[in-house]
Amino acid sequence: MFAAFFVTPFALAEYMTSTNYKVQSDSLNLGGMNSNSSNYIAQDTLGEVGTGEDLFSTNYKSCVGFQCFAGMPSLTFSIGAGYTTPGVSGDPIPLGGLSPAAVKTSDGSTVKSVFITASSPARGGTVIQVRGDANAGLYSAIAASSIDAATSPQTLAAGTEGYGICVFSATNLTGAAPFNGSCTKTTGHAVGKILSTNQTILSAPDYFDIGAAEILVKAAISSTTPGASDYTETLTFRMTSTF
């Protein structure tokens, strides 16, 4: 029995661009300059209107003005598949042959992982979500059968059918339930069930830079799982930031 799945990213970000430039943010003011002496270095902005830090209400958080966004990260989001970060965008992740004797898992050498890198200037937080296709789990058209997690989260075990993903590591991002259980490349096989609707897998409460995560793919079959060579699933990841 063989299985594979495919990963697609989804993100939106708009900048002012032309053939020769890209402006990620702009500010209307009277001027400014870099100042320095033997004791200090300063970056000045003159004549801005309506600026301020830590502006907020029930529905938003904001920092307004050139000095706020000058050092803020850009909105970026990328996904790759591979044995080491950052992986290759658009690469499939073949799980290879599945056996009732063992759980097949991303392991850094024979089965690839999903690698996510991201950054966001949004003060209202960011979520990264995942969804599967319309089929329930790894689906085989040949066998007219699916391999899927029975519960969510589910700890996969050899000989018991199941499939899902989990957060192995995260930097400047936090894994979300049900994907944040015991997740290793050897014996930690707690996975979240993948639905056809969006579920949050990673989040950040505020702006962040150099966010990264490694997501493991895991599957197990029973002795009665129909054999076929076309078990597949397509996952779509999307990032949403609140400004």
Practice item. Work out from phi, with θ = phi - 60° and the Karplus expression 6.51 cos²θ - 1.76 cosθ + 1.60, the ³J(HN,Hα) of each residue of the range 192-201, listed in order in whole Hz, and give x for Gly and Pro. Key: x, 6, 8, 9, 7, 10, 5, 10, 6, 10
Revision key, fill the gap. By Cβ neighbour count within 10 Å, fewest first, Ser119, Ser196 rank Ser196, Ser119
Exercise for review: Name the residues whose placed amide hydrogens come within less than 5 Å of the amide hydrogen of Ala228, ignoring near sequence neighbours (fewer than 5 apart) on the same chain.
Suggested key: Phe2
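Since every read-out is calculated from the coordinates, none of them should be taken as a lab result. Keep in mind it's a predicted model, so treat the numbers as computed, not measured. Here Cβ is always computed from backbone atoms with ideal geometry, including for glycine, and neighbour counts include all displayed protein chains.
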